[in-house]
Every structure is written in C-alpha cells, then in structure tokens.
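Contents: one structure, followed by commentary.
Derivation of every value follows stated rules applied to the coordinates shown; laboratory data play no part. Here the structure is a predicted model, which means the values were calculated and not measured. Glycine gets a Cβ as well: all are built from the backbone with ideal geometry, and neighbour counts include every protein chain shown.
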Amino acid sequence: MDPKGPPDPAKRSEYSQNTEVASKLWDVSLKSRMAFARYKGAAEKVLLKIGFPRVHIFRPGYIYPVTPRKEPNFSYRISRFLYPVLRRVYPNIGIPSENLARAMVHTGLYGVCGSR
C-alpha cells in the first residue's frame, strides 16, 4: 500500500481486482438453506439501509488461510490442499487471507478505484 495516497485509477491494482472477486453464496433474498448465508444477507441489507456514505461489501469465494493452522474439518483440509493447484486454472476461485485483508484496508482508506 502506498502511504502517499490512493493508487492511480488507470492502473488495475491487485486490490481493485481482489475486491471484484465475489461468490453467489451470500443470499440477500434470505431464502438460503445455509444459515450463514441468510445471516450474511440480512446483515448486508441492514448495512445498506442505514445510510452510510460508503458501504463496501466483500464476498470472496474462498479465503485461503496463509498462516498455517489446524483445519476444523476434512473439507477445510481438502480446500487448503487443492487451492494452490486450482487457482492456476481458476485464478478467481478464492483469495489468500493476507490479500483480502490488504484489499479491505485499502478500500476503507481510499475507496475502490474508479468509484465515485
């Protein structure tokens, strides 16, 4: 991140590319069978109705935990194993946790490149 100010909007930075990564998991219609998707959708609706001057909603498909950790279940272990391989074929399949954190901080400080 450049401490001197926002990046040149003409250049597509890794931050602006990462903020475009979205998934259809979050259900703003609140009809999903997955409780997490319903709760996230409800929270997004409330945040949008509050009337903040800017609201940035991040919807990453998969957050790859960069820091090693004990995975809570088998599907997380499989995802951690497959992500490095799959991202070569599907570059927008997910995002490393550190990149997501940088994108969120950058967006909070400077907004999204090209937005008003």
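Summarising the label geometry, the points placed 7 Å from Cα in the beta-carbon direction at Glu44 and Tyr110 lie 2.5 nm from one another. Suppose R0 equals 35 Å. What FRET efficiency, 1/(1 + (r/R0)^6) with r the Cβ-Cβ distance, do Val89 and Thr67 give to the nearest 0.05? The calculated FRET efficiency here is 0.90.
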